[in-house]
Each structure stands twice: as C-alpha cells, then as structure tokens.
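S.K.: Just passing along the structure, written as structure tokens.
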Amino acid sequence: MANADCIVIQGSNMAECHPVGFQWVTEAKARGAKIIHVDPRFTRTSAIAQKHVPIRTGTDIVLLGALIKYVLDNDLWFKEYVTAFTNIATIINEDFKDTEDLGGLFSGFDPTEGKYDLSSWAYEQAYEDGSILSPEGTEENGATQSEKAAGDTLGAGGAAMNDWVAKEDPTLQHPRSVYQILKRHYARYTPEMVEETCGISPEDFEYLAESVTENSGREKTTCFAYALGWTQHSAGAQFIRTAAILQLLLGNMGRPGGGIMALRGHATIQGSTDIPTLFNLLPGYLPMPHAGTNDNLQDYLNSVASKKQKGFWANADNYMVSLLKAWWGDAATAENDYAYDYMPRINGAHGTYQTAVRMMEGGVDGYFILGQNPAVGSANGKLQRMAMSKLKWLVVRDFRLIESATWWKDGPEIKSGELKTEDIDTEVFFFPAANHTEKAGTFTQTQRMVQWREQAIPPPGDARSELEFFYDFGRRLKERVAHSTDWRDKPLQDLTWDYPVDEHGDPDAEAVLKEINGYYTSGPKKGQVLDTFNEMKADGSTAGGCWIYSGVMAGGVNHAKKKVPGYLQDEMADQWGWVWPLNRRILYNRASADANGKPWSERKKLVWWDEDTGKWVGDDVPDFPVGLAPTARPDPNLGGPAALSGTDAFIMQADGKGWLFAPKGMLDGPLPAHYEPPESQVRNPVYPQQNSPSRIVFKRGDTLSAPGYGEEGAGVYPHVFTTYRVTEHHTAGGMSRWLPYLAELQPEMFCEVSPELAAETGLEPYGWATIISPQSAIEARVLITNRMTPLEVGGQTVHQIGLPYHWGVGGDATIEGDGANDLLGMTLDPNVLIQESKSAACAIVPGRRPRGNARLDLVQTYRDRANISENTNKQRVTIPPQEGEG
Amino acid sequence: MTQELEHQHHHGPSQDVGWEPEHTHSRKGFFTDSSICIGCKACEVACKTWNENPQDGDYEILGSSYDNTGALGANTWRHVSFIEQDEDRIEKARESGKKLVSLGMPTVRPPEGPAAAAAATANAATKNGTNMPDTAEFRWLMSSDVCKHCTYAGCLDVCPTGALYRTEHGTVVVQDDICNGCGTCVAGCPFGVIERRDDGTVRTKEDRDGRLSRQQEVPNKGVAQKCTLCYDRLIEGQTPACAQTCPTTSIKFGAHENLVEEAEERVAALHAQGMTEARLYGANKNDGVGGTGSVFLLLDEPEVYGLPPDPQVPSKDLPLMFKKVGIAAAGLVAATAVAFLGGRK
C-alpha cells in the first residue's frame, strides 16, 4: 500500500480496526498519496484522510458502479491492460438477460426457490454446433450449488469450466461482448443516481472519480481497502466484485500500489480460511464434498475443476489426493480412492446461523466454541443464546468466562425470565485457553503472510494451547474406538495422529507445519519435504495438508521464522515471514508487465520477461510459470498450467483472464447490481426490484425483519443503524472487556448520532438512549457528534446511528453493557452466508430501557405498531416476474 | 523575567540545570507528531503495562469524545486527547499557524532535504493542490500528551527531599523510595503533569456493583508519580514503551537535538502542503521552561489540547523575588530612616 498514489478506504475503518497495517497508509500519505475515506461515519480513519465522503450504508455498488460508468464514458480505461488480461472481448451467450431487461433481476431466477440458475450467464462457446455447456460442466443445477454456498466452495478459481474456449470479439462491437454489456448495465449509474441513492454530492463524486482515474494507468496505481463494511451485507460479495471490475478496468490489479485489500488480520483470520474453520471448505480452498453429487473421488474432482481448463485449479487432483494422504497415511490407497469415503459430506448449508436454527429445533447435541463469543458477537444474540439452551453439551475454550459460557446464569434471558437456570439441561464445560504468547505456531495475516512465533512463557494453570487440546482430544477419541469393529470408526482409527510431543505433552507445532507443507511418502525422496505444490502428485506418492502452504518448509527450512529487518532488505521484504503461494508478495503480478512482458513503467515495475535468460524476473516471485514467454500460445487442449498462454496473467481463473463479467461463481448475479438493504426505508432508485432477490431469509418468529420501503408498517423503525468496532476493544470483548487497561478506555456501550437527530428525538449529550428494533431494545450512552451526517436521499432525510458491538451482558467481565447484535435479525448473503449487520432499521428514544418483562413489552409495542409477522419483509421479488425469465 | 533567562543562555539552559553536553549520553526526548496520530491509545496501554500503573478511570463515559481517561496523572502517563472541530476553528488554526511561522516562532528553515523532497512529491502527485486536507468542514484532532521533561523543571526545583532528579539522559525522574509524598511538586509543574498516587483504593466498577474485585496491586501508593521516559528501558538501550508501540510513528524517541530538527522539518513540509495550522510546542528554548524535552507538533493553539500557551517554571521567579525582596527590604530601611529623619524634625 505504501506504493499507492491514491488509496480509497471504503467499507473499512482501517485506522481503528487495523492500526498496525495502517502504518502503510500513513507511509503512502507521507510519500504524497491521496487518501480518501468513504464511510457513513467520520472515524479515526477519516481524521487522517485528506477527504471523507459520507455515504448511506449499503449503497456502495451505486457509487462504484458510477465510477465504472465514468471510466467507460470518458474512455479512461487502461486499454492495453484490459484487452490483454481481462474477458472484456468475450461474448456471453444469447440466453443471458440483464437487469436492464428484467426490472432489476438477471435471467435464471426461480422465485419459489429464491435462487438463480446460473446457466444463462455462461460464455458463448466457440464450438461450431453452438451448443452451450452448463457452467458447472456437471449435472449439478443451480439449486444444489446454492446450498453449498458455492461462491466460497469454488475457491479462488470459480467453478469447474469445461467450456473455456469462448468466443471473442476483439473489436468489442458485438452487442453481447462483455464491454457492451458493461456499458449497458452501468448506464443507469450516473452521478445524479449517486446523489439520490448514496447521498453523495456531484462535487464529491467528481473529486473521487478524478482522484481515482488520475492516479491510475502506466505511471500510477490506486488501491482500494475494505473490510466488514463491505462484507456484512446481504449482497456484500457483490460490493467487492464491483471494486474488482473497476480495478481491472483501471489496470490496478497485480501491480505495486494497486489491488483490493481485504483487511482481515485479527490473529489469524486469513489462516482460518486457508486451513478453514468453515463448513464448506477443505484446506487450500478445496470444496467440502457434497453428499449425493460427489460420491466418489472422480465425481468430486470433476466438480472442482476440469482437466481441460486452464490454470492451476486443473491440478486439484494432486492437491486433494495429497490432502487425503496427509490425513489417512498408509490407509489411503489407490484402491480405496485414497480414503475419500472417510471424508465427511455436507448436504446443505451448515453456516453458523443455519446451525443455530437447527439447535433451536433440537437438531444439534453438542457445540464447541473456540475464540468466538456468539452470545455477543453474532447477529440475533437472543436466538444464539436460546439455541445454546437446547444443547445437550457445550464446550467453551477461552481466556475468560465469556458471555457464551455464562448465559445460563446471568444472560439477558435469565434477567427477563425467558430462561430459568434450573430448567436448562445444557451441560457447559469451560476450558481455559493459552494466549498467543503462551504457545508456538504460526499466524497468517491479511497479506497471506505466515509468521512464526515462539512460546514466550508457559500458559498459566490449566490453560492449554489449541494444538495440545485437540491433539489430546483426538488421542483420547482414538483410544476409545481402538478396538471398535464398527465401520463408522474406521476414519478415526486410520487417522494419522503421530505428532512428537514435548515433556509437557504439547505437540511440536513445526511437525504440524511440515505435514501441512507436504512431503514425499515413497520413492527415493521419501520423507523429504516438498519445495512447491507443483511436486504434489495424485498417485499417493506425496502427502500435504494444504497445497497453498506448500513451500513454507522448502529445503527443510521453516521460512515462516524469517525475520530479516526491513532496513536490511528491499521493499518487497521477501526475507520476512513467508507468503503463500511460494512467497509471492503480490498476486497475479504477471499483470505488472505489458502483453510483451515489459514493465508498464519504470516507476511501477515489479516483474518482467528477461529475453536473455528466457525467464520472468523481478523484485517479487513471479506469479506465473517462470519460463512461459509472453508470446507463448500453447495448445489450449493441453489443460491446466500447460494451457496458459503468455498473457493469461490470472492463472487461477479457468480462462486465465480477469473477470469483468463473472459467468459463474457468484450466486446472485454475474454483474453487481444495487439493491436496497433489506430493512431500508428508501425506494430503490435504480431498479423496480427493491431488495436482493436471492438473499437468504429465515421465515421464523424468532428472527424478524423491520418492514422496508412500501411495506405495511414502514416508518415505525425510521432510522438506520450500523454496527462496528472501535480500536479500544476486540470484537465481542473477550480479549478486552476483562482487561482494566482496555476497559477503561471505552467503558460503556454508546451510540453515535448527529446533532440533527439528537434535536429531533430529544437526546441529551452523554445521556442515555434506548434503541428499538423488531428483535430487541438496548440502551446506550449518547455521543452527539458532527462526525455523523444526516443524508438527503430521494427527497427524505436519512439518519444513521452508529452502534459498536463490543458489549454484552454477563457477570464476569470488568465492564458490561447491552449488545448491539441483539438488535439484528438474520438476513444472509447467498454467496458466503454472512449476515447483514451494517444496515438495519431502528427507532431511538431518550432514556434507559425498561427492565425485566417491561423490556419485552416495549419491543412488542413497536412490533404491533408495525404489524410485524415472521413473513414481514421476506418476499423476494418486488415485481411480478417478467417474460423471458427462468 | 525573560532577560533573566536569556542572561543564563550564554552557557545554555541545559547546563544551567546541571546537565552537561559532554555527558556520555545525549539528552533524550520525544517528538509527538499529532498530524499522524490515529488516537488508538496504544501508548496509554503500553505505558501502563510496562510501568505497572493502576487502571485509572471509574469505567464510566467521561463525556469528552473518545477520551475516557481524562488527563495525565499519577497513573496515566501518556494521555490521548480528542478534539472535534468545525470549519471556523480550522480556518482560525490555519491563520494562527501561519502567523507563528512568519514570526519565526518556532524557527522554520526553508525546506530542504527529505522534507522538501516529500513536499515536492506531494505537490507533484496532485492536481489543484488536492493533497491539502480537503475535508475542511470538520476535523478530529488527536494528540498524545506526556511529561515534558522540561529544561527548567518546576517539579524538580521545588522538591524538598531530592526525590526528583535529572538523569544522565537529561530527563526528570522521581525516586519512589525517597519521595515522602509532600506534594509540593504537584503545584510546581506548570503543565499539571505530576500527581500523587492515591494511597486509598482505586474506585473500580467492581466497587460500584459489589462484584468480586479483580483489582491489581497498586505500587508506590501516596508518592508523586509521572512519566520516567522509561528510565528502566533507557538504561538497557531500549526505546520507551509508548514510542515502541506507536503504530504510525506519531511518537518518536531519540536525541532531543535531532528530534527538534526533525520536528522543524516536518512543520515546514506540512506548511508547504498547505497545512499552515501546524506548529511546534516546546521546541522554543526561550520559553518559560527553557524548552521541553518532549516536543509536539500540534494542529491548533495549545489551549485546544489543554496545554498552557505560555508555561512558566515557578522557580524561575525566585531570583527576581530575591531581588524584589531585597529592594523591598532596602525600601523599608530607607522608609524607616526617613521616618526617623522626619521624626527629628
């Protein structure tokens, strides 16, 4: 980021939530970069930026879409880059219908299922008979796709793509070329539309558009940074897609100072998706096998990637078989599909919210909570706590007795009488956890950098590391089933579980990292570590726990331990930690050179083709086959990396190109389109379709939604609230509300409101306010501040209320307070199943909330006023389906 | 009064206070650049953690933007203030900053070296001078305050026990085991930094709710406490905890002389970018405390941050007071004489 000429931070409060990474923003600023912060609130990030642009929550696609239109209209797109590296010339098949044709829907929507059939979004293929394969290339239909949360399942490369030899029109004149479709799709996204939808003035839009375009091109690069302000929406994945289209058009991907920074970073959040804690992924973004369609290894592999497609996903068989060998060792053989049948299957969405709903229905016996505090940190806190009361057993591993461990004796439902301790059958186990200084291992941060840390001190008392806990737990389980003859116990019996332990019984974390990296299981190199995932084989001769981490132990050296200070190396700092894959610091960096392999400019050069040696060279590890000349045009039928041409910079994509139009992978549209947040009180100015039609809703009485624009009861919850974090606390508070030094810095739950809203509703500075949603009513101290701006949108004034979500009600923390997440219902993004928690509706009144039952009465009064039912605001299609759909 | 000080400047204020430049250590200090502070308060936490200071507040919102620890005191040795300002105030700050610089106070040399290069790049990188702070209608100032480690340290001058002393690094430190808690220094500090630590209990949320106390042990009860510039870290060649932890390098630690130079360059660079509100605080060795060891880059008048605009060391008046007392005494003698003379009439 330090190399950027302009940084747009949107959907992120980077200075507060990623203060350490923010040093690179201040560094860029010191070097002369322009910093722009687009956010509903003026935060500590805005304070450092040259410009803060207030925006109405959930309208980012309109702003970014208008930037796309600005770039196209003014011919500011980076033509050499875009034509060389993106699918702009690709022709989409004739069944595709855009939002322009269908009142805001794309072709393929099934209103009863609430899901898209993606097949009409496919490329027009180049075969003479004109037949079009389905995007899956398998018999799967869109519906089963959705249940797998396929956007995530498909990893970095999207779905399998047999039919990647697509028709192109280099003149870009074909009406179904991506270029023409883009132009038509974003024609509505004008500066006037931005003003009407986002509440951003034409002057501010002009400023943003000029800043971004002036700082892009051969000589300059612009970088976008986002975090949960983009993801936690019912169409959050599409916000990021919009930025991806813009950055591709401006030629800002794969280049120094460019890109779209997904700010993650707490502890090892990146690591927790690489080697996932998600239900639908295996390590290295391989999908979890799905019952019924992935019944044998070959079926499974066909659904991941076709051998005929380009790029590195075509080698998924190598990665998967190596994974199976790592887990089941000698028991994984060619004869038994490498123990593929030991692998559990999923048969639907098992995300955190679906799981909580199943708990409510008595469908879950036991629950492990590690490094998470769902009673405070998850949307619809009450449902989370009530659900836990239906469990047979609950295990909480944390530093302290967090609210998720004590709800049964001091939670809000105990206080309201909705739960009685003596009636709860859940057996709760608490295991104290070691903190990061008390255990060795790795963290993977937001740059995909794996960093090793040593144990500084042993953990106190009974506290143990996760590694020790799970190793011991697995050992005990294996002991239990050691003599079982039940076939169900075979996977556990055969599981490799042979890590060396120290004198305290703590397993050697480096031995685990070696298994993750991979090694030879047979042949002359038996036992040696793999240097790269390219050494992985699908014949059982290699094992490896996570293919993208292959190389972290290359040459037997733990590269994650490297800590050469910055002043002793160049700016890429490749001797500090290790970045997957293969220590590449900037992904897709082939795009930092032009089609012929020459740097776009001296100022922005990173890797380039060296004619003399016939290799890609430069300051970063080339993210490209190192000997593949820019002019190479191999036979596409080779498939895999061998089929990549010298300009296929996006080596993980099935066609080697950056996708302006996504023919698959996204479940809610091939192009981002603006829909109003579910509880918005504003009519969608862009389309007749009001809300995202494929958002996931739960038609249940315990997860309600406020009536949106045009519905009965609209206006009862007139204001918007948005939830967020502040620097002083850590997420649900487990790591901060128990620490006096942090607790004193932000001791009480507060809300942030504008002076205008305060005047309108009678709120007093630093007094109390009660915030009411269909879900609950909470109280907060009032910060009246000009940092909150009322926005004029579509002829009405929209007030936005800021609510940090760090506080919870329990008996053990140094400080407690009402939880903002208790106000939220559950509406999910269909791609990644994340909840909408950045834009919801509420009412606000002065004073503290009522206690006990009276609190429930207050909530009910508002529900009655709005006549809310479990079906309120859960309909999908605003207008009747039009002809040609389906 | 100023004349008195200037007279002493012939051999420099630092020498006046018994700290010699030929000392093996250079005078150490902080340069706190509030223009890049993000208000994360990591300095407050790092300071309390390293120095094992008790938690300070009563776990209630203070009513001062995001500040809930209030001020520097016996327990809070780094304190971040938060100031929300509107357009009017920003304009005034720009004007007053411009004047300060044109008065040559603080001294700003023409930009040269890296600062000038940075400024030039900044200008070159933008059209219409858009690198200037464009959101001029509102701003949120944050600044981390700390003990000034004054050249003429009031606390040290008035301490009757010798508990306060000047270290080999030119800093001012309390010796906890010598301090008798008399509190004279509290009145002696023109910045209100030093404070006596409560010898009773620290009121906590637990007290309010009758919860089980998780109170930490309070060291050095009843004695004067303030920033030591992490003396215990300096003797190990380490950086003070706050500067070490600052994620944006807003808090810089180093040799005082170099820091002042760096601070002056930084002000010049900001002015070149149009941020004429930038000015230095504590870098003027002709001020009422002979300049401070901790210097600050502020974006408005010191009062805005709760800092005295014209700090005066109280002991500075002592010589003058002696003189005045002398004159008064002489006058009295004269008057008495006159009276006697008169009496003879």
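S.K.: List, please: which pairs have Cβ atoms under 6 Å, are six or more places apart or on different chains, and start with a residue in the range A:690-701 that is more than 19 Å from residue A:837 (Cβ to Cβ) and end with one that is among the polar types (S, T, N, Q)?
M.R.: A:690/A:684; A:690/A:878; A:699/A:871
S.K.: Would you pick out the residues in the range A:717-731 that are away from every other protein chain (no Cβ under 14 Å), part of a loop (DSSP other than H, G, I, E, B) and within 18 Å of residue A:230 (Cβ to Cβ)? Outline the logic, then answer.
M.R.: Pass one, the range A:717-731, residues away from every other protein chain (no Cβ under 14 Å): A:717-723, A:731.
If we keep only those that are part of a loop (DSSP other than H, G, I, E, B) as well, we get A:717-718, A:731.
Within the range A:717-731, A:731 is the sole residue that qualifies.
S.K.: Follow-up. Would you mind finding the one in A:269, A:260, A:240 that is modelled with pLDDT under 95 and within 13 Å of the chain's Cα centre (by Cα)?
M.R.: On the way: A:260 fails: modelled with pLDDT under 95; A:240 fails: modelled with pLDDT under 95.
So the residue among A:269, A:260, A:240 that is modelled with pLDDT under 95 and within 13 Å of the chain's Cα centre (by Cα) is A:269.
S.K.: Here's something else I'd like to know. Restricting attention to the range A:735-749, and to residues there that are within 29 Å of the chain's Cα centre (by Cα) and within 16 Å of residue A:820 (Cβ to Cβ), which single residue is nearest to the other protein chains (Cβ to nearest Cβ)?
M.R.: Of everything passing the filter in the range A:735-749, A:746 is nearest to the other protein chains (Cβ to nearest Cβ).
S.K.: Restricting attention to the range A:190-204, which residues are in a loop (DSSP other than H, G, I, E, B) and surrounded by fewer than 24 Cβ atoms within 10 Å (Cβ to Cβ)? Full working, then the answer.
M.R.: Let us first name the residues in the range A:190-204 that are in a loop (DSSP other than H, G, I, E, B), namely A:190, A:199-201.
Passing the criteria: A:190, A:201.
S.K.: In the range A:266-321, what residues are of a type in the set (Asp, Glu) and surrounded by fewer than 18 Cβ atoms within 10 Å (Cβ to Cβ)?
M.R.: Initial filter on the range A:266-321 (of a type in the set (Asp, Glu)): A:274, A:295, A:299, A:317.
The answer is A:295, A:299.
S.K.: Here is a follow-up. Exactly one of these conditions fails for residue A:566: (1) buried (at least 18 other Cβ atoms within 10 Å of the Cβ); (2) within 32 Å of the chain's Cα centre (by Cα). Give me its number.
M.R.: (1) is the only condition that residue A:566 fails.
S.K.: Taking the residues in the range B:234-247 that are surrounded by fewer than 21 Cβ atoms within 10 Å (Cβ to Cβ) and either in contact (Cβ under 8 Å) with a residue 40 or more places away in the chain or within 19 Å of residue A:15 (Cβ to Cβ) (or both) as candidates, determine which candidate is farthest from the other protein chains (Cβ to nearest Cβ).
M.R.: Checked the range B:234-247; the qualifying residue farthest from the other protein chains (Cβ to nearest Cβ) is B:234.
S.K.: Still on this model: Out of A:56, A:31, which single residue is farther than 30 Å from residue A:877 by Cβ and among the basic types (Lys, Arg)?
M.R.: Values: A:56 fails: farther than 30 Å from residue A:877 by Cβ.
Result: A:31 is the single residue among A:56, A:31 that is farther than 30 Å from residue A:877 by Cβ and among the basic types (Lys, Arg).
Residue by residue, here is whether (1) of a type in the set (Val, Ile, Thr); (2) within 14 Å of chain B (Cβ to nearest Cβ); (3) under 17 Å from residue A:73 (Cβ atoms); (4) part of a helix (DSSP H, G or I) holds:
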| site | (1), (2), (3), (4) |
| --- | --- |
| A:206 | no, yes, yes, yes |
| A:224 | no, no, no, no |
| A:230 | no, no, no, yes |
| A:243 | no, no, no, yes |
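S.K.: Looking at the range A:673-685, can you tell me whether even one residue there is of a type in the set (A, V, I, L, M) and in contact with a helix residue (DSSP H, G or I) (Cβ under 6 Å, 6 or more places away or on another chain)? Full working, then the answer.
M.R.: So the first thing to find is which residues in the range A:673-685 are of a type in the set (A, V, I, L, M), and the list is A:673, A:682.
Imposing the further condition that a residue be in contact with a helix residue (DSSP H, G or I) (Cβ under 6 Å, 6 or more places away or on another chain) reduces the set to none.
No.
S.K.: For the range B:59-95, what are the residues that are facing chain A (nearest Cβ under 8 Å), in a loop (DSSP other than H, G, I, E, B) and in contact (Cβ under 8 Å) with a residue 24 or more places away in the chain? Don't jump to the end; show me each part of the working.
M.R.: The initial filter retains those residues of the range B:59-95 that are facing chain A (nearest Cβ under 8 Å), namely B:59-61, B:63, B:65-66, B:68-69, B:84, B:86.
With in a loop (DSSP other than H, G, I, E, B) added as a condition, the list becomes B:59-61, B:63, B:65, B:68-69.
Listed by number, the residues that qualify are B:59, B:65, B:69.
S.K.: Are any of the residues in the range A:756-771 touching a helix residue (DSSP H, G or I) at 6+ places or on another chain (Cβ under 8 Å), assigned to a loop (DSSP other than H, G, I, E, B) and more than 11 Å from every other protein chain (Cβ to nearest Cβ)?
M.R.: yes
S.K.: I've got another one for you. Looking only at residues in the range B:28-39 that are among the hydrophobic types (A, V, I, L, M, F, W, C) and out of contact with any Phe, Trp or Tyr (no Cβ under 9 Å at 6 or more places or on another chain), which one is nearest to the other protein chains (Cβ to nearest Cβ)?
M.R.: Start the filter on the range B:28-39 by keeping residues that are among the hydrophobic types (A, V, I, L, M, F, W, C), which leaves B:30-31, B:36-38.
Remaining after also requiring out of contact with any Phe, Trp or Tyr (no Cβ under 9 Å at 6 or more places or on another chain): B:36-37.
Values: B:36: 5, B:37: 9 Å.
Filtering first and then ranking leaves B:36.
S.K.: Counting only residues that are among the polar types (S, T, N, Q), facing chain A (nearest Cβ under 7 Å) and not in a helix (DSSP H, G or I), how many does the range B:46-58 have? First the steps, then the outcome.
M.R.: Start the filter on the range B:46-58 by keeping residues that are among the polar types (S, T, N, Q), which leaves B:49, B:51, B:53, B:55.
Subsequent filtering for residues that are facing chain A (nearest Cβ under 7 Å) retains B:49, B:55.
Now drop any that are not not in a helix (DSSP H, G or I), which leaves B:55.
Here the count works out to 1.
S.K.: For the range A:786-808, give me each residue that is in a loop (DSSP other than H, G, I, E, B), at pLDDT 95 or above and away from every other protein chain (no Cβ under 13 Å).
M.R.: The answer is A:790, A:799, A:805, A:806, A:808.
S.K.: Applying the selection to the range A:824-852, what residues are outside any loop (DSSP other than H, G, I, E, B) and within 19 Å of residue A:383 (Cβ to Cβ)? First the steps, then the outcome.
M.R.: Applying the first criterion (outside any loop (DSSP other than H, G, I, E, B)) to the range A:824-852 yields A:827-828, A:835, A:840-846.
A:827, A:828, A:835, A:840, A:841, A:842, listed by residue number.
S.K.: If you don't mind, another one. Restricting the range A:1-48 to residues that are free of Cβ contacts under 8 Å to residues at least 60 places away in the same chain and of a type in the set (Lys, Arg), which is nearest to the other protein chains (Cβ to nearest Cβ)?
M.R.: The extreme case among them is A:31.
S.K.: May I ask you to say which residue of A:818, A:822, A:857 is more than 25 Å from residue A:17 (Cα to Cα), of a type in the set (D, E, K, R) and at pLDDT 95 or above?
M.R.: Working: A:818 fails: more than 25 Å from residue A:17 (Cα to Cα); A:822 fails: more than 25 Å from residue A:17 (Cα to Cα).
Only one candidate passes the filter, namely A:857.
S.K.: Taking interchain pairs and intrachain pairs at least six residues apart, which have beta carbon atoms under 7 angstrom, with the first residue in the range A:383-410 and aromatic (Phe, Trp, Tyr) and the second surrounded by 24 or more Cβ atoms within 10 Å (Cβ to Cβ) and part of a loop (DSSP other than H, G, I, E, B)?
M.R.: Filtered contacts from the range A:383-410: A:399/A:734.
S.K.: Only one of (1) part of a helix (DSSP H, G or I); (2) of a type outside the set (A, V, I, L, M, F, W, C); (3) over 30 Å from residue A:641 (Cβ atoms) fails for residue A:322. Which number is that?
M.R.: (3)
The values are calculated or read from the model by the stated rules, or taken from the named source; none is laboratory data. Note that the structure is a prediction, hence the values are computed from the model and not measured. Counting neighbours? That spans all protein chains shown, and the Cβs are built from the backbone with ideal geometry, glycine included.
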